[in-house]
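Okay, so here's the structure we're looking at.
The numbers here are math on the coordinates, done by the rules we state, and not lab data. The structure presented is a predicted model; accordingly, all values stated were derived computationally and were not measured. Here the Cβ positions follow ideal geometry from the backbone for every residue, glycine too, while neighbour counts run over all protein chains shown.
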Amino acid sequence: MAKVRVHNFHVSLDGYSAGETITLDRPMGGAEGMFAGFDGRFIDGVGGVDAPITLDRALTSTWGQGIGAEIMGRGKFGPQTGEWTDDEWRGWWGDAPPFGTPVVVLSHHRREPLHFDNGTSFHFLDATPKDALAFAEDLAGGQDIRIGGGPSTVRQFLAAGLIDFMHLITVPVTLGGGVSMWEGLAGVQERFTVESTTSASGLTHHFWNRVTTGSA
């Protein structure tokens, strides 16, 4: 059965995953420093990368395994708000977005889908988490769905009880403010089993697996 997954999701020590305001120069709203050690070359696997295979890099490589589609919030796609006025904007990633699958972008404003030669496509949808998931499942061909962020989007899917697995990474920094990962989610950990391990870099990886009927 297909699962709904979150991967490589960075959280500060004080529980924030992004700054308040996204701009063209600050795609994480001022929280870019949390990702200083992130090596995006490994998100599609460790083959062909001229670098040591560390714990952090090995865990990063699970991002794309078995994924058929992603769902993301509008802020992850770009800094614009309101009606789409700049039709030239095709996402932060240029002509080769790293996804290689259909991506559902949650937006209150309609826009025609975008298609790329590497198999990535962006579909813009105004929908509840449940309806967005149903739409993504039709695109995923029976494979898993990744909830890509930002934190508000992950939080909405958690609140709706729709996430089966999360790989969260606690970064040893404090932001002092921003978009909270946990606001309104008191006790959410009771729905999951949680395992944690800390790497030599100081990052702590947390693996949340949803408890299902019959689980130990």
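Along the chain, the exposed loop sites are GluC sites (Glu not before Pro) outside DSSP states H, G, I, E and B with at most 14 other Cβ atoms within 10 Å, and the longest stretch free of them is 89-182. For the stretch 95-136 versus the stretch 52-85, the inter-centroid distance based on Cα atoms is 12 Å.
Among K3, K130, the ranking by other beta carbons within 10 Å of each residue's beta carbon, starting with the fewest, stands as K130, K3.
Ordering Q156, G48, L114 by Cα displacement along the dipole of the stretch 17-171 toward the positive end leaves Q156 in first place; charges were set at the Cβ atoms of Lys, Arg (+1) and Asp, Glu (-1). Each label was represented as a point 7 Å from its Cα along the Cα-to-Cβ direction; for M1 and Q143 these points are 2.1 nm apart. With the cut-off at 1.5 for a/c, could you classify the stretch 119-181 from its C-alpha gyration tensor as rounded, prolate or oblate? Taking the square roots of the gyration eigenvalues as a ≥ b ≥ c, the stretch 119-181 is prolate. Is the stretch 51-164 best put as rounded, prolate or oblate by its Cα gyration tensor, with a ≥ b ≥ c the root eigenvalues, rounded for a/c under 1.5, and otherwise prolate when a/b is larger than b/c, oblate when not? Oblate, because a/c is 1.5 or more while a/b does not exceed b/c.
Which of V179, V104, V154 moves most in a GNM of the chain, Cα contacts under 10 Å? Highest fluctuation among the options: V179.
Over the chain, DSSP H runs of length four or greater, each weighted -39,500 (n - 2.57), average out per residue to a 222 nm ellipticity of -4000 deg cm²/dmol. Remark: T212, T21, T62 ranked as T212, T21, T62, counting other beta-carbon atoms within 10 Å and listing the fewest first. Rg and Dmax, both from the Cα atoms of the stretch 1-42 and both in Å, are 12.7, 40.
Qualifying trypsin sites (Lys or Arg not before Pro) in the stretch 20-112, where qualification requires a DSSP coil assignment and no more than 13 other C-beta atoms within 10 Å, comprise R110.
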